[in-house]
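The values are calculated or read from the model by the stated rules, or taken from the named source; none is laboratory data. Note that the structure is predicted; figures quoted are calculated from it, not measured. Here the Cβ is made from the backbone with ideal geometry for all residues, glycine too, and neighbour counts use every protein chain on show. Accessible surface areas use protein heavy atoms only, side chains included; no ligands, DNA or RNA. Shrake-Rupley method; radii C 1.70, N 1.55, O 1.52, S 1.80 Å.
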Amino acid sequence: MGIRFEKDTILNWINEMGKFLRLLVDKWESFDESTESVEVHQGYKDFFNTERQTFLTFDSDELTDYIVQHFQIEQVRPLALLFMYDGLLSSDKSEQQNLLLKAKFLLEYVAKETGNFSFEDFGHLKTIGDHLE
């Protein structure tokens, strides 16, 4: 049934994922290649046990099916943020668009599934919209 965590374990996972995302945010905001090296691609494997390329090949329906089968709802928003920062850091325009569209889709999915929507996510969606063509 995919990755399932007990309460304390999911909190630890969220904390570790948060540290990783902060490194990505710092790298994106600084636009400085000398910033501590962050292997964005490794984040998919380390935190979601899935290769980045696998996620890139999914359409919206396949992505939805995959996350429902393999992740708890608390893990979907961090995945969306990973897609977003990966897309913002990508130099390949088509890959950037693909990642940003997946991020937008998942942020909207989480809001719909949980009934919660934060102002922070609204800001993320604006950032994504500004970079989509």
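Among the residues making up segment 109-133, those that are under 15 Å from ILE73 (Cα atoms), modelled with pLDDT under 95 and not aliphatic (A, V, I, L, M) are LYS112, GLU113, THR114, GLY115, ASN116, PHE117.
Given the condition modelled with pLDDT under 95, surrounded by fewer than 14 Cβ atoms within 10 Å (Cβ to Cβ) and in a loop (DSSP other than H, G, I, E, B), answer yes or no: does some residue in segment 12-32 qualify? Yes - at least one qualifying residue is present in segment 12-32. If the condition is being within 16 Å of GLU113 (Cβ to Cβ) and small (Gly, Ala, Ser), then segment 59-103 contributes SER60, ALA80, ALA103.
Within segment 105-130, being assigned to a helix (DSSP H, G or I) and open to solvent by 40 Å² or more (accessible area, probe 1.4 Å) holds for PHE105, GLU108, LYS112, GLU113, THR114, PHE119, GLU120, PHE122, LYS126, GLY129, ASP130.
Residues in segment 76-97: is at least one over 21 Å from PHE20 (Cα atoms), β-branched (Val, Ile, Thr) and part of a helix (DSSP H, G or I)? Checked segment 76-97: no residue is over 21 Å from PHE20 (Cα atoms), β-branched (Val, Ile, Thr) and part of a helix (DSSP H, G or I).
Results for (1) touching a strand residue (DSSP E or B) at 6+ places or on another chain (Cβ under 8 Å); (2) among the aromatic types (Phe, Trp, Tyr); (3) more than 25 Å from GLU120 (Cβ to Cβ); (4) open to solvent by 20 Å² or more (accessible area, probe 1.4 Å), shown as yes or no for each residue.
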{"residue": "ASP59", "(1), (2), (3), (4)": "no, no, yes, yes"}
{"residue": "THR64", "(1), (2), (3), (4)": "no, no, no, yes"}
{"residue": "ALA80", "(1), (2), (3), (4)": "no, no, no, no"}
{"residue": "PHE83", "(1), (2), (3), (4)": "no, yes, no, no"}
{"residue": "SER91", "(1), (2), (3), (4)": "no, no, yes, yes"}
{"residue": "GLN96", "(1), (2), (3), (4)": "no, no, no, no"}
{"residue": "LEU99", "(1), (2), (3), (4)": "no, no, no, no"}
{"residue": "ALA103", "(1), (2), (3), (4)": "no, no, no, no"}
